[in-house]
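These notes concern the structure reproduced below.
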Amino acid sequence: MKRRAIALGFDAVGIATLDGNAHAADLDHWLAAGYAGTMSYLHRQAQQRQQPARIMPEAAAAVVTLTNYFHGAADPGHKSGVPEVGARVAQYAWSTDYHEVLGRRLGRLAAAIRALSPGAKTRCYMDAGPVPERELAQRAGLGWIGKNMMLIHPEIGSFTFIGVVLTDADLAPDLPFEADRCGTCRRCLDACPTEAFVGPHVMDARRCISYLTIEHRADFTDAERRMVGDWVFGCDVCQDVCPWNVTFARPTSDPELAPREDVLAPDLAELLRLDDETFTRRYGDTPFARPGPAGTRRNAAAVLANRERPR
Ligand code: B12
Ligand code: SF4
Ligand code: SF4
């Protein structure tokens, strides 16, 4: 099954048990502190994240995959020859929406599991479900959870997507990745431009540029607009500075994750002018669909305003 996963294009695969989440209490504290902002689905999904066996009661194991999406040097928007109209976009969004590409790939892996274990049931999850994906990846032996909350694979780094297949097939679990290889480093915590980390492993999402530009569903206050800086979608700073990425991350050659110029270096003035229909035609199959036309126009307006009056 693991050989099949690698042949399908996944970069790493492991098998996790569905025991209770070791950090269930941390999730309660995180939610109670209000750090989830308006992501109310995280409150609704808490019990399943804390006890992953509840997600699919007949499931016995999680097959957890990593897919490298690193594209190399950061910040091409500024190197594309149009710095006055370019803006920064997080690397995970530079290609066609990963939910589409990797959703299909996970479906093929699930079919392979059912072929190898006739009669087995499978359910695929990628990002959207009530699944504690980083916890399961750590438990499947794929890496540790860094101080920046990212799952870091010791040979690939953290620019990876996590995809999960829950199944009742009889699969032997891998050993969890027990080591914490952050050591005394705290570069991510210090580099965050908005001081979103309350401490190691704890982020106040309301201060995170990724939350503000992708998940936040209201106009920006002046303070929020300033926090966004020149990021029009997502943020990579706490990953760009991580030594495990600097040393080990290698650009992907996955043809289905090839960067698209219209997404990685969008023209802000043009984004502002796009009507909803044109936006959907152009960006409907990209991660920009999550904030949608109104959210994307809001983000573009904020970055343009920050250029004129940075403080
Ligand atoms: C909500 C969400 C966000 C929110 C909140 C981020 C956050 N840190 O929680 C926002 C919008 C800000 C966000 C941003 C990003 N996200 Co996001 N996000 C999610 C989502 C949907 C849920 C995560 C969640 O439950 N958060 C709540 C926190 C409390 O839970 P947790 O992250 O699972 O953390 C657990 C551990 O940290 C542990 N824990 C707590 N304390 C301690 C202490 C120690 C010592 C240890 C070891 C563990 C530990 O307990 C927590 C609860 O179980 C997941 C997909 C999923 N279904 O899981 C993707 C996911 C985590 N995101 C992902 C990505 C790619 C990003 C961005 C990089 C995108 C970008 N470039 O802009 C940024 C990274 C920001 C960051 N540093 O985390 C990937 C991460 C892949 C990876 N290699 O880790 C995921 C897994 C999606 C996917 N399928 O690939 N995201
Ligand atoms: S993604 Fe950016 S804003 Fe969010 S915690 Fe990391 S460095 Fe800070
Ligand atoms: S930058 Fe340092 S502290 Fe932060 S995740 Fe990477 S190794 Fe850990």
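The values are calculated or read from the model by the stated rules, or taken from the named source; none is laboratory data. Bear in mind the structure is a predicted one, so any value in this text is a computation, not a measurement. Note that each Cβ is placed from the backbone with ideal geometry, even for glycine, and that neighbours are counted across all protein chains shown. When the accessible area is computed, the model is the full protein with side chains, heavy atoms only, and any ligands, DNA or RNA have been set aside. Shrake-Rupley method; radii C 1.70, N 1.55, O 1.52, S 1.80 Å.
Data for the structure
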read-out: Estimated vicinal HN-Hα couplings, Hz - segment 290-299 in sequence order (Karplus 6.51, -1.76, 1.60; Gly, Pro = x); value: 5, x, x, x, 5, x, 5, 5, 4, 5
read-out: Candidates Ala112, Ala33, Ala16, ranked by Gaussian network fluctuation over the chain, Cα under 10 Å, top entry; value: Ala33
read-out: Convex hull of Cα atoms in segment 84-151, direction-averaged projection (nm²); value: 6.8 nm²
read-out: Table column - 3J(HN,Hα) (Hz), segment 96-113, Karplus curve with 6.51, -1.76, 1.60, x for Gly and Pro; value: 4, 2, 5, 4, 6, 4, 7, x, 4, 5, 5, x, 5, 5, 4, 5, 5, 5
read-out: Solvent-accessible surface (1.4 angstrom probe) belonging to Thr278, in square angstrom, nearest 10; value: 30 Å²
read-out: Cα convex hull of segment 236-290, projected area averaged across orientations, nm²; value: 5.2 nm²
read-out: Exposure rank, largest accessible area first [Tyr41, Tyr125; 1.4 Å]; value: Tyr41, Tyr125
read-out: The chain - percent of accessible surface contributed by carbon and sulfur, probe 1.4 Å; value: 52 percent
read-out: Highest average packing first - 283-292, 152-161, 20-29, Cβ atoms within 10 Å; value: 152-161, 283-292, 20-29
read-out: In order through segment 196-208: 3J(HN,Hα) via Karplus (6.51 cos²θ - 1.76 cosθ + 1.60), integer Hz, x for Gly, Pro; value: 6, 7, 6, x, x, 6, 10, 10, 8, 4, 4, 9, 8
read-out: Only Lys, Arg (+1) and Asp, Glu (-1) charged, at Cβ; the chain dipole about Cα centre in debye; value: 200 debye
read-out: Accessible area per residue in Å² at 1.4 Å probe, computed on segment 202-259; value: 44 Å²
read-out: Under-5 Å amide H pairs with Met203, H placed in peptide plane, nonlocal only; value: Val198
read-out: Ratio Rg/Rh [Cα only; Rh per Kirkwood] for segment 142-285; value: 1.01
read-out: The chain - Cys residues lacking any other Cys C-beta under 4.7 Å; value: Cys124, Cys182, Cys185, Cys192, Cys208, Cys235, Cys242
read-out: Spatial separation of Cα centroids for segment 99-124 and segment 4-74, in angstrom; value: 17 Å
read-out: Debye equation applied to the C-alpha atoms of the chain, log10 I(q)/I(0) at 0.07, 0.08, 0.11, 0.12 Å⁻¹; value: -0.27, -0.36, -0.70, -0.83
